Structure formats: structure tokens, C-alpha cells
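So the structure is just underneath, and the comments pick up after that.
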Amino acid sequence: MLLDLVLDYDCNLACDYCTITPAMRARSLPTGAVVRQLRAARDEGFGRVSFTGGEPTIRRDLLPLVREARRLGYDDIKVQSNGLLYAEAANVDRLMQAGVTRWHVSIHSHRADAYEAMVQREGTHPLMERGLRHLVERGLDPIADQIVMRDTHAHLAAAIDWLADRGVRRSQLWLVSLTDGNAANVASLPPLRDLLPSVFEAFDRADERGVDLRSLHLPHCLLGARKDRAIDPAAGGVRVVTPDAVLDLREAKLTPRRYVAACEGCPERGACPGVRPDYLERHGDAEIAAARGVEPQLEGAVRLPVV
């Protein structure tokens, strides 16, 4: 089981697709509350923990929190970061010595101009790239998280080449979310029929370059022969602790959890977590129905105009 600790919502970037609102950025978990959650979850048998945000590396208490997790016996300690502070190799070494075992870096886009336009901070792409290099040089096998959205999907295969050239051998695709701070940015989430060709091209390139590429948030039926590359983020039990609530990941806004009429009878139903609510509200279930070879039912086929 995984304890997912959203330490706070503050960040040293301001990504234009971010779901965090300005009001949310002011909220955080006090150190004492984090320690209590770590201890309680460990007592319940949790063996994995993830420190995320916002941006966890800007928290002054991250190192002692990681040390406490290791002391308590967590054997899988993850930090989800934008990697900017990893540009200072000493920061990587400190986190490694404290006990971090899994390193996720959100690369947003491998293209420098696109990256800095998205994160709205100049001079950051070289820092992200240098941070990845420091992780690779230490044999830490980082996982590069890529956002799949209007501005990035056509370049996913090229991003695989970019990562492979830098020694990064694992990557995950995250579908952009229309929630909270990004709820009105509907153009950022194209229909899956537009995204899937780029996703399949990226899978092909990953196979060629020896990169283990996985997908979150895409229904298994739409991945076809690539269904084994799908990840159910809530599988195995995930407790999410945020500055606002404690919840099961299956209840979170970013988690696929809706089944539509086209899902009935699907052989993947037992393994597939379904479709995200924000996607259905934007584009409906027609694509899922087409993939299953059935006609969408009226009550499940909400079709909105594509902007």
C-alpha cells in the first residue's frame, strides 16, 4: 500500500496547465501532521510513501521527513519533483543519503522553448536537464513524467529520443486534467482520437530505444495491443493526504473511475479503472464506444463542441 503525501501546493514554477489555484498555493501540511500520517500508515502496514506537491523539494523539512520515513521502515520512498533543485548535485546526494529510492521528474516538454513557455519561468529547462543528468550519473534510474496535451502530444516520440539520448530509460504519460485551476482551459485536452496516434508513435519509439514507457489515465481498450503498458494509479491501495483532506486515490479528481455503457462486456473491465470524469464531461464516451464496436447509449454520450 502507498501513502501519497501532498506536502503543500506551493511550487517554484507556474505551469499553464496546472490544476492548483492561487488560493491552494497558500495551503500546506505542517511537519507534525506529516509525521503523524507517516507513523499511522506504517502501523497499518503501509510500505511505500510518496512525497509530492506542489513542489516537495522547496520544503525545508523534506530531508528530515524522508529520514523519518526510512527510520519507520518504508522500503519504497518516492519524491515527485520538477527536478530543478537536482541541478545542484549536492541536493541529489542529500536526498539519496536520506533514503529516497524512487525519483520521478516532470519534464513537461523536452523542447526548451515549449518547456519554458509552459512553466512560465525563463532559464529553467537547462536546470531540469542538468537535474536528470545528475540522477542518471548516480544510477538512480529516474522516471520522466510527460504531460499529454494539446501542446505536447505531437512531440512525444521526439521526447523519447531526447530521454534515451540522456540515459533515461523509464517514462510515464500523464493525460492533462480539466480540474480546479485548469478547469476552464478546455482546449488543453483534445479528444483521444487526436492524441492516440502520437501515443502509439511514442510507444513504437520507446520500443526502438529501450525505454520502458507506461500510460496513466487512458482506457485499456483504447490502447489495444499496448494495454499491458497501462498503469492503474490506484491499484494496490493508495491513501492520499493533502492539506485539505485524507482520501482513497480512487476518489480523487485525477483518477479514472467512471464506466460508461460501452464498458459493459469489455474483457478489460476487471483491470481497467475506467475513464476520468473530466474527460467525459468534455468529450463524452463516443470514442470508447467506437473502440468497443458498439453504439453509444444516449445517457452516456455527452458530446460537447471541440474548441
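The values are calculated or read from the model by the stated rules, or taken from the named source; none is laboratory data. Here the structure is a predicted model, which is why all the values come from computation and not from measurement. Methodologically, a virtual Cβ is constructed for each residue, glycine included, from the backbone with ideal geometry; neighbour enumeration extends over all protein chains shown.
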All positions within region 58-72 that are within 18 Å of residue 241 (Cβ to Cβ) and out of contact with any Pro (no Cβ under 6 Å at 6 or more places or on another chain): 59, 61, 64, 65, 66, 68, 69, 72
Scan of region 252-279 for residues that are part of a helix (DSSP H, G or I) and either crowded, with 19+ Cβ neighbours inside 10 Å or under 16 Å from the mean Cα position of the chain (by Cα) (or both), ordered by number: 262, 263, 278, 279
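Looking only at region 21-35, decide whether some residue is within 21 Å of residue 139 (Cβ to Cβ), small (Gly, Ala, Ser) and surrounded by 18 or more Cβ atoms within 10 Å (Cβ to Cβ).
no
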Residue in region 115-134 that is among the charged types (D, E, K, R), within 30 Å of residue 199 (Cβ to Cβ) and in contact with a strand residue (DSSP E or B) (Cβ under 8 Å, 6 or more places away or on another chain) present: no
Failed item, numbered, when residue 167 is tested on (1) surrounded by fewer than 16 Cβ atoms within 10 Å (Cβ to Cβ); (2) in contact (Cβ under 8 Å) with a residue 40 or more places away in the chain; (3) within 12 Å of residue 143 (Cα to Cα): (2)
Pairs, first part of a loop (DSSP other than H, G, I, E, B) in region 65-91, second among the hydroxyl-bearing types (Ser, Thr, Tyr), C-beta under 7 Å, six or more apart: 82/106
Conditions (1) modelled with pLDDT of 95 or more; (2) more than 19 Å from the chain's Cα centre (by Cα); (3) within 23 Å of residue 149 (Cα to Cα); number of the one not met by residue 75: (3)
Hey, residue 168 assigned to a helix (DSSP H, G or I) and of a type in the set (Val, Ile, Thr) or not: no
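If you take the residues of region 171-193 that are part of a helix (DSSP H, G or I) and in contact with a Lys or Arg (Cβ under 9 Å, 6 or more places away or on another chain), which of them is nearest to residue 214 (Cα to Cα)?
The selected residue is 188.
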Neighbours by Cβ (under 8 Å, 6+ apart or cross-chain): first from region 181-200, in contact (Cβ under 8 Å) with a residue 12 or more places away in the chain and under 14 Å from residue 284 (Cα atoms); second part of a loop (DSSP other than H, G, I, E, B) and among the charged types (D, E, K, R): 189/150; 190/150
Any hit, region 134-147, residues being at pLDDT 95 or above, part of a helix (DSSP H, G or I) and buried (at least 19 other Cβ atoms within 10 Å of the Cβ): yes
Residue in region 6-20 that is surrounded by fewer than 17 Cβ atoms within 10 Å (Cβ to Cβ), closer than 21 Å to residue 179 by Cβ and not acidic (Asp, Glu) present: yes
Residue match in region 43-52 (condition: surrounded by fewer than 22 Cβ atoms within 10 Å (Cβ to Cβ), out of contact with any Ser or Thr (no Cβ under 9 Å at 6 or more places or on another chain) and part of a helix (DSSP H, G or I)): yes
Residue 38, sole failed condition from (1) modelled with pLDDT of 95 or more; (2) of a type in the set (A, V, I, L, M, F, W, C); (3) not in a helix (DSSP H, G or I): (3)
Selection from region 212-229 of residues that are within 17 Å of residue 289 (Cα to Cα), hydrophobic (A, V, I, L, M, F, W, C) and in a helix (DSSP H, G or I): 221, 222, 223
